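Before we start, here is the structure in question, set down as structure tokens.
The values are calculated or read from the model by the stated rules, or taken from the named source; none is laboratory data. None of the values given here were measured: they were computed from a predicted structure. Neighbour counts run over all protein chains shown; Cβ positions are idealised from the backbone, glycine included. These accessible areas exclude ligands, DNA and RNA; they are computed on the full protein's heavy atoms, side chains included. Shrake-Rupley method; radii C 1.70, N 1.55, O 1.52, S 1.80 Å.
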Amino acid sequence: MITKYYCKSIVRAALLLALTMCIIGLAPAFSSSARADYSINDVSGDYVWHGEGWDVGGTNGKPTSVPLSAVGLVTYTPATGTFHVDLILRLNGTNFENVRDGTYTVDATGHGTMTWLSGSGNVKHIDFYIVNGGAELKWIDTDLPGTVELSSSGTMTKQ
């Protein structure tokens, strides 16, 4: 005859075993090891750029924040560390074409930078991180305050 205590012990042991197996199964998902062997060659070819943010605008002499969005094509050439971008920029409801050339870098952790000259002659910067082995780049504007854009970020997706 199986006692009540014996059945409870078996159930507890089975639940503990199931919990342990779940934790062991999830361990790789929470691994702290990060790839540390990226290079400029991990960012090459064509990417679709999409970004949104805020720019400085205003009327009557009062600066205000105005919406900014962009979509376009970026072509990266790792052999020269250069890129070419052709964007459709929408600033406060008005569309502009923005074509630029610049340079880029990538370090071993997958962190990259892009630098170019704006239409008004300002040096522009963004920082990005490589995602999904180079299938995406997540970026953010890193210009100093007062250099037109207040804040922008987005994703570049490899074609």
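Quick check: with the 1.4 Å probe, what order do ILE40, ILE88 take by accessible area, largest first?
The residues order as ILE88, ILE40, largest area first.
Efficiency by 1/(1 + (r/R0)^6): what FRET value for VAL48 and SER120, r their Cβ-Cβ distance, R0 = 25 Å, to the nearest 0.05?
So the FRET efficiency works out to roughly 0.45.
Considering all projection directions equally, how large on average is the shadow of the alpha-carbon convex hull of the range 32-137, in square nanometres?
8.0 nm²
Now, a different point. Could you derive backbone 3J(HN,Hα) for the range 38-54 from the dihedral phi with the Karplus parameters 6.51, -1.76 and 1.60 (θ = phi - 60°), listing whole Hz in sequence and x where the residue is Gly or Pro?
Each residue of the range 38-54 in turn: 6, 8, 4, 5, 6, 10, 8, x, 9, 10, 8, 8, 9, x, 9, x, 9 Hz.
Also: With the calculation restricted to Cα positions, what are the radius of gyration and Dmax of the range 66-126 in angstrom?
Values for the range 66-126 (Cα only, Rg and Dmax): 12.9, 39 Å.
From the backbone phi of the range 62-72, what are the Karplus-calculated ³J(HN,Hα) couplings (6.51 cos²θ - 1.76 cosθ + 1.60, θ = phi - 60°) in whole Hz, Gly and Pro given as x?
9, x, 9, 8, 10, x, 9, 9, 8, 9, x
Tell me the accessible surface of LEU144 in square angstrom (1.4 angstrom probe, heavy atoms of protein chains only), to the nearest ten.
Here the residue's solvent-accessible area equals roughly 130 Å².
Kindly provide the Kirkwood hydrodynamic radius of the range 102-150 in Å, to one decimal, from all pairs of distinct alpha carbon atoms.
One over the average 1/r among Cα pairs gives 11.6 Å for the range 102-150.
With every protein chain kept in the model, how would you rank TYR47, TYR129 by accessible area, 1.4 Å probe, largest at the top?
Correct descending sequence by accessible area is TYR129, TYR47.
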